[in-house]
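Participant: Sending over a structure as structure tokens; questions will come in a sec.
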Amino acid sequence: MDYGRLGFLTRIYGDQGLRSVPVGALLAGWGLIDPVWPESSLRVTVDLLLIIAVIAGSILIGRYYENRFGRVQPRVSRLSLVVLDVTAYWAAHWLDTRGLPVSVASMVVGWWFAKEGFGSSGRRWYFLVPFAAFVVLGLLPLTEVVSVEAVDGRIFLIAFGCALIFTGVFDHLLLVRSLPVSADA
């Protein structure tokens, strides 16, 4: 097996693939349900049950990957990158509350998808699709069709959820196509 490919897959294996699909479904669902189901104690209970289902789904998907391909230990902790990404998003979101005519937060999220796409030597080209979508979404308030607040609210949740589902499925297909089934799994 090509060791460059194995190293690349090891870096993306831990937190990508189908693991992002339940989170994406939850976010898109929240964006779609919000206007039709007002806040109530039943809705809060259902939201908590959905979060538990997402956690359980992610654990089951992790076990599926471990059973199919074996355990992979990432060499580098991505925690610092996650903290940086979250900080950049919240700073951009803060800028959005200052009256700018574009959604900076959407463009920061688009940049995250671009970073994943360009940082993979073209193997994860499909991350450029949500990158383009979030750039367009970020610039959409310039047309005065929707406000920055609308883009940063429901529209963002739905778009981000769909992007996580889309990239998660394609990551999974890349993983399945690139790695043989583990002999010791």
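The values are calculated or read from the model by the stated rules, or taken from the named source; none is laboratory data. Just so it is clear, the structure is predicted and the values come from calculations on it, not from any experiment. Glycine also receives a Cβ, built like all others from the backbone with ideal geometry; neighbour counts cover every protein chain displayed.
For every residue, the table says whether it meets (1) within 17 Å of Gly31 (Cβ to Cβ); (2) among the hydrophobic types (A, V, I, L, M, F, W, C).
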{"position": "Pro101", "(1), (2)": "no, no"}
{"position": "Phe127", "(1), (2)": "no, yes"}
{"position": "Gly153", "(1), (2)": "yes, no"}
{"position": "Leu157", "(1), (2)": "yes, yes"}
{"position": "Ser178", "(1), (2)": "no, no"}
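Participant: Six or more apart or on different chains, Cβ under 8 Å: which pairs go from a residue in the range 76-93 that's part of a loop (DSSP other than H, G, I, E, B) to one that's surrounded by 10 or more Cβ atoms within 10 Å (Cβ to Cβ) and modelled with pLDDT under 85? Could you list them?
Facilitator: Going by the 8 Å Cβ cut-off, the qualifying pairs are Val76/Arg11; Arg78/Gly14; Arg78/Asp15.
Participant: Another one. Tell me the residue from Phe127, Phe156, Phe118, Phe113 that is within 18 Å of Ala88 (Cβ to Cβ), touching a Gly at 6+ places or on another chain (Cβ under 6 Å) and modelled with pLDDT under 95, please. Give the steps one after another, and end with the answer.
Facilitator: Working: Phe156 fails: touching a Gly at 6+ places or on another chain (Cβ under 6 Å); Phe118 fails: touching a Gly at 6+ places or on another chain (Cβ under 6 Å); Phe113 fails: touching a Gly at 6+ places or on another chain (Cβ under 6 Å).
The conditions single out Phe127.
Participant: Out of (1) modelled with pLDDT of 85 or more; (2) surrounded by 10 or more Cβ atoms within 10 Å (Cβ to Cβ), the odd one out for Phe69 is which?
Facilitator: (1)
Participant: Hey, another quick one. Contact list please: Cβ distance under 7 Å, first residue in the range 138-163 and among the polar types (S, T, N, Q), second residue at pLDDT 90 or above and surrounded by 15 or more Cβ atoms within 10 Å (Cβ to Cβ), pairs at least six apart or on different chains.
Facilitator: If the second residue must be at pLDDT 90 or above and surrounded by 15 or more Cβ atoms within 10 Å (Cβ to Cβ), the pairs left are Ser147/Pro141.
Participant: If you check Ala105 against the conditions, is it part of a helix (DSSP H, G or I), at pLDDT 90 or above, surrounded by fewer than 18 Cβ atoms within 10 Å (Cβ to Cβ) and aliphatic (A, V, I, L, M)?
Facilitator: Working: part of a helix (DSSP H, G or I): yes; at pLDDT 90 or above: yes; surrounded by fewer than 18 Cβ atoms within 10 Å (Cβ to Cβ): no; aliphatic (A, V, I, L, M): yes.
When the stated conditions are applied, Ala105 does not pass them.
Participant: On to the next question. Output the residues belonging to the range 1-54 that are at pLDDT below 80, closer than 19 Å to Glu66 by Cα and part of a helix (DSSP H, G or I).
Facilitator: Passing the criteria: Arg5, Leu6, Gly7, Phe8, Leu9, Thr10, Arg11, Ile12, Tyr13, Gly17.
For (1) over 19 Å from Leu175 (Cβ atoms); (2) not charged (D, E, K, R), each residue gets a yes or a no:
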site	(1), (2)
Arg98	yes, no
Trp112	yes, yes
Phe118	yes, yes
Arg123	no, no
Phe127	no, yes
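Participant: Out of Ser121, Ser147, I need the residue that is on the phi > 0 side of the Ramachandran plot, out of contact with any strand residue (DSSP E or B) (no Cβ under 9 Å at 6 or more places or on another chain), surrounded by fewer than 18 Cβ atoms within 10 Å (Cβ to Cβ) and among the polar types (S, T, N, Q). Which one? Lay out the reasoning, then the answer.
Facilitator: Details: Ser147 fails: on the phi > 0 side of the Ramachandran plot.
One residue alone meets the criteria, Ser121.
Participant: Next question. Based on what the data block shows, is Tyr65 part of a helix (DSSP H, G or I), more than 30 Å from Val145 (Cα to Cα), touching a helix residue (DSSP H, G or I) at 6+ places or on another chain (Cβ under 9 Å) and among the aromatic types (Phe, Trp, Tyr)? Before the answer, list the steps.
Facilitator: Details: part of a helix (DSSP H, G or I): yes; more than 30 Å from Val145 (Cα to Cα): yes; touching a helix residue (DSSP H, G or I) at 6+ places or on another chain (Cβ under 9 Å): yes; among the aromatic types (Phe, Trp, Tyr): yes.
Yes: the conditions hold for Tyr65.
Participant: Regarding the range 89-98, can at least one residue be identified that is crowded, with 16+ Cβ neighbours inside 10 Å, at pLDDT 85 or above and either of a type in the set (Asp, Glu) or farther than 28 Å from Leu140 by Cβ (or both)?
Facilitator: Checked the range 89-98: at least one residue is crowded, with 16+ Cβ neighbours inside 10 Å, at pLDDT 85 or above and either of a type in the set (Asp, Glu) or farther than 28 Å from Leu140 by Cβ (or both).
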